[in-house]
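The values are calculated or read from the model by the stated rules, or taken from the named source; none is laboratory data. Just so we're clear, the structure is a prediction, and the values are computed from it rather than from any experiment. When we count neighbours, we look across all protein chains shown, and the Cβ atoms used for this are built from the backbone with ideal geometry, even at glycine. Accessible surface is based on the protein model in full, side chains and every heavy atom, while ligands, DNA and RNA are left aside. Shrake-Rupley method; radii C 1.70, N 1.55, O 1.52, S 1.80 Å.
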Amino acid sequence: MQITADPSSGVVFCETVKFTLAVTTNQATTVDITWTPDDRLQQQRGAQPETRTLSFSAAQTVQDVYTVNLGVAHTGEQQKGTVTVTVSAPHSDSGKQATGSFDLLCEPG
């Protein structure tokens with residue numbers, strides 16, 4: 001299980017940041033995942049935890065995307081955040097967590 005933030009760092013036009021989760025299973029199953037943004041993202045950006053269900057029809061990799069709206073940022077403003085995903089599954093992957101972070105410097109769009 002892996003999370004990437006795109007982009008995760010650098011100087012960018014700050015509007016949204018997308019986290020992509022890739023989950024691979026070796027069997028057909030259903031997995032519940034919960035995206036949990038850090039306190040700062042919840043308080044300053046209004047990001048909320050989300051629970052989703054991923055279905056696997058066979059051994060395969062499935063991706064899911066969670067988007068955080070950063071709003072209108074001022075030039076030179078620093079935007080940081082972390083999102084954690086927790087898996088609830090009927091097998092050994094249950095309880096696993098993965099974390100993705102970003103640290104961006106905003107430029108005008």
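Tabulated values for the structure
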| quantity | calculated |
| --- | --- |
| Matching residues in region 1-24 - criterion: being open to solvent by 50 Å² or more (accessible area, probe 1.4 Å), of a type outside the set (Asp, Glu) and outside any strand (DSSP E or B) | Met1, Ser8 |
| Region 62-83 residues that are among the aromatic types (Phe, Trp, Tyr), paired with ones that are part of a strand (DSSP E or B) and buried (at least 18 other Cβ atoms within 10 Å of the Cβ) (beta carbon under 7 Å, 6 or more apart) | Tyr66/Phe19; Tyr66/Trp35; Tyr66/Val83 |
| Restricting region 75-97 to residues that are assigned to a strand (DSSP E or B) and open to solvent by less than 30 Å² (accessible area, probe 1.4 Å), the residue that is farthest from Ala22 (Cα to Cα) | Gln79 |
| Residues of region 49-74 satisfying the condition of being outside any strand (DSSP E or B) and surrounded by 11 or more Cβ atoms within 10 Å (Cβ to Cβ) | Pro49, Ala59, Leu70, Gly71, Ala73 |
| Test: residue in region 25-46 that is without any contact (Cβ under 8 Å) to a residue 40 or more places away in the chain and either in a strand (DSSP E or B) or open to solvent by less than 30 Å² (accessible area, probe 1.4 Å) (or both) | no |
| Selection status of Pro108, touching a Phe, Trp or Tyr at 6+ places or on another chain (Cβ under 8 Å), in contact (Cβ under 8 Å) with a residue 24 or more places away in the chain and open to solvent by 50 Å² or more (accessible area, probe 1.4 Å) | yes |
| Test for Gly100: is it assigned to a loop (DSSP other than H, G, I, E, B), within 19 Å of Val17 (Cβ to Cβ) and touching a residue at least 40 places away in the same chain (Cβ under 8 Å) | no |
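Here is a yes/no grid of residues against (1) closer than 30 Å to Pro108 by Cβ; (2) of a type in the set (D, E, K, R):
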site	(1), (2)
Pro37	yes, no
Gln43	yes, no
Ala47	yes, no
Thr53	no, no
Ala58	no, no
Asp64	no, yes
Val68	yes, no
Thr75	yes, no
Ala89	no, no
